[in-house]
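Read-outs: derived from the displayed coordinates by stated rules, not from any lab. Not measured: the values here are computed from a predicted model. Here Cβ is always computed from backbone atoms with ideal geometry, including for glycine, and neighbour counts include all displayed protein chains.
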Amino acid sequence: MLAGPRYGHRVRICTHPHFKDFIESHGVEFFSIGGDPEALMAYMVKNMGLIPSRTSIKAGDVKRRRKEMWEIINGCWRSCIEAGDGTGDPLTATSVEDPEELFLADLIIANPPSMAHIHCAEKLSIPLHMVFTMPWSLTEAFPHPLSAMAYRDADQGVANYMSFLMVELLTWEGLGDLINRLRVQTLNLDPLSAFWGSQLLFRLHVPYTYLWSEALVPKPKDWRSYINITGFSFLPSSTSHTPPPELRTFLKSGPAPIYIGFGSIVVDDPLSLTKTVFEAIRIAGVRAIVSESWSTFRRQDNIPENVFMLGNCPHDWLFPQVAAVVHHGGAGTTAAGIATGKPTVIVPFFGDQPFWGQMIARGGAGPMPIPFKALTADNLADSIKFSLRPEAGTAALNMARIIASEHGASGAADDIQARIDRDALRCALSPDRIAIWEHKVKGTRISGFAMACLIEKGLVDYHDVKIIRHKTWNLDDGAKHPLVGAAAAASSFITAIMLALGDYSNELKKRPVSTASKGKPGPVEPNLSTMVAEDEAAPLEDSLQNLSRTEKLVPGSLAQQPTSSSINLRQVAVQAKYQGRRGNSRFIMRATGRLAGDLSKACLRVPVSLSYNIANGFHNLAWYSFMHKMDARRRDEIDGWKSGLRAAAKESSLSLWEAFTSVFLSPYLGVKEGGMKGLMIGTYLGARGCFCLLGAYALSLKSSR
């Protein structure tokens, strides 16, 4: 839709390599971020909740999934800046022959579980828009789909709201160190404290577009205007599909059957599941089309006459032919079933599947979901009978009529387009191009093409311009209390130490194997494919990759980039240095030196971090707690020692001024709002605000010295 003639954007879909052929078959550019969806699905079936089972931990599943997530979040960053499709070695800009193949994202459209979205957007200073098929925004209307809520005596609205916070917090606890590793080592950004690392998307009001029908899940009243629901999105209809003759014969030989299929779900005992399904079909007394994607049976086996085993078949062709559908509750299959007006029975395995089962039941289009681990032939048969009741069919048809009037894909595209300030993105000299430079004096916005032309004519120099920041993301608002600030400084120090020790441990595992034989060094084989590990490279390789990926954003860096041949020669030289009798010792000494440097940096940052975070705590406490709920003044961003000194000086002077004025302003506002009682409250709040702002002033002054 966004790549079509109406909008004309270059669109790149970045996902698992498993979907490469499917995406490219629709004429869309693909980039691999790594990861194995089948392995992830098998893990989720074993661990339906957020906390992994003891068996999975012992089997090493958690370690493997973390390694996979590290690959994915790095792949997300690569997908924003690299040419190619991501399936091979990283491509540098100098190794790409056709400039049209170069890629640099101007907008990121992501789903929440991709994790790297906001951090990549912060690094590139570009807009971010979230699009997803299940709710991820805080609300009191329903719980987070990934939470297993047991309300007991708790207030339902509060419990629902807290479920979203807890899912974000648990996710950060499991992956926060990987996110900070990405920020520090790859993006060259400051790490985020565990105290405010979660809930970034909610706090920053990142726009959301949800792809489901309000006939199924209406928009909650507490969702603000930056969150929209546009409807389900479907691929073009497969009316041209030609089914096998056996299927046509089965459909015509009796009443409409039901469909039963669990997609590509991986189960430990598919034979037992198939027997359970066959027995439920017998008890319910219905005809059925059963998907064999998860079954060990085939057509030549002893299959009941009222059952047809089906291979791949488009849902939009098959579902209109059946009376009801039974499936795992994936968002896509749920949408396909309801869109055709078919009552639905959901047997959830993991993830958001229980949520969709509950929404179907709430709308009356099916029974309550049956968790896979509780599935029996009897309860499945009862659910099938429920779905065949007239009232369930009527509810499903009513939903289908509403869905038919919605246009999820075009609505999402319009929503994304409406939130982009296109005029601010345009080049002043070539309006059909994106501006990436801004003249420091005149403020003129210039595209890369226009900049190249101006430089060629000698009209502009790189020193005259600066990179445009189309969107500034302030991820680090700081602590809301000085004690929290002190704790955040301590946690940042611990995080830095853990990152350094983790890097040291990983690097020692990659010590090169010496080629020496009987005390004599052997020949060096310049096999570049084995020289550097993929996710933990040597320092030189780190710097070279970072140069090719990110320094292209810095003026003048294009002339400094090394060629691919020089990179290869340096790799050979670095590898040769660690071959031979003393190569192992040299490697360990170098790794230990890096560890010492990282630990020293962490220790040296402690005083500054402590002062900065406590000052933030005083600043935010004054504004959020005592200044009559006025919007807090946002501090200037710090991206170097010069901007740090400027920010500290500005903060100290403004804090002193605000401390003085709060003594008078707060009582005045109190009188205005509440008379004499308001005066007393305002005087108290003004005094406390003055104290906090003086604390921010003192610590900011200390930081500037």
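The distance from the alpha carbon centre of region 9-28 to that of region 157-228 is 26 Å, rounded to a whole number.
Phi-derived couplings, Karplus 6.51 cos²θ - 1.76 cosθ + 1.60 at θ = phi - 60°, listed residue by residue for region 134-141: 9, x, 10, 9, 4, 7, 9, 6 Hz, with x used for Gly and Pro.
For region 245-411, what number results from the quotient of the Cα radius of gyration and 2.2 N^0.38 Å?
Rg over 2.2 N^0.38 Å, computed on Cα atoms: 0.98.
Quick one: net charge around Glu101, please, counting Lys, Arg +1 and Asp, Glu -1 for every other residue with C-beta under 13 Å from its C-beta. Once positives and negatives cancel, what remains is -4. Is region 107-241 best put as rounded, prolate or oblate by its Cα gyration tensor, with a ≥ b ≥ c the root eigenvalues, rounded for a/c under 1.5, and otherwise prolate when a/b is larger than b/c, oblate when not? The shape class here is oblate.
Sorted ascending by nearby beta carbons within 10 Å, beginning with the fewest, Trp356, Trp77 become Trp77, Trp356.
With the highest mean first, a sort of the peptides 422-432, 313-323, 209-219, 8-18 on other beta-carbon atoms found within 10 angstrom per residue produces 209-219, 313-323, 8-18, 422-432.
Other residues within the sphere of radius under 11 Å centred on the Cβ of Phe232, judged by their own Cβ, net out at -2 (K and R +1, D and E -1). Taken about its Cα centre, region 167-244 carries a charge dipole of about 180 debye when Lys and Arg each add +1 at the Cβ and Asp and Glu each add -1 at the Cβ. Considering only Cα atoms, the convex hull volume of region 12-234 works out to 155 Å³ per residue. For Tyr208, Tyr462, the sequence from fewest to most other C-beta atoms within 10 Å is Tyr462, Tyr208.
With R₀ set to 56 Å, the beta-carbon distance separating Ser491 from Lys275 gives a calculated FRET efficiency near 0.60.
A 30 angstrom limit on the alpha carbon distance is what I want to check against. Which of Lys221/Lys672; Lys67/Lys221; Lys440/Lys480; Lys480/Lys672; Lys471/Lys650 exceed it? Distance filter (> 30 Å) returns Lys221/Lys672; Lys67/Lys221; Lys440/Lys480. Measuring between alpha carbons in the structure, the pairs from Lys219/Lys373; Lys123/Lys642; Lys123/Lys442 lying more than 22 angstrom apart are Lys219/Lys373; Lys123/Lys442.
Evaluated with a Cβ-only charge set (Lys, Arg +1; Asp, Glu -1), region 245-411 carries a dipole of roughly 340 debye about its Cα centre, given to the nearest 20.
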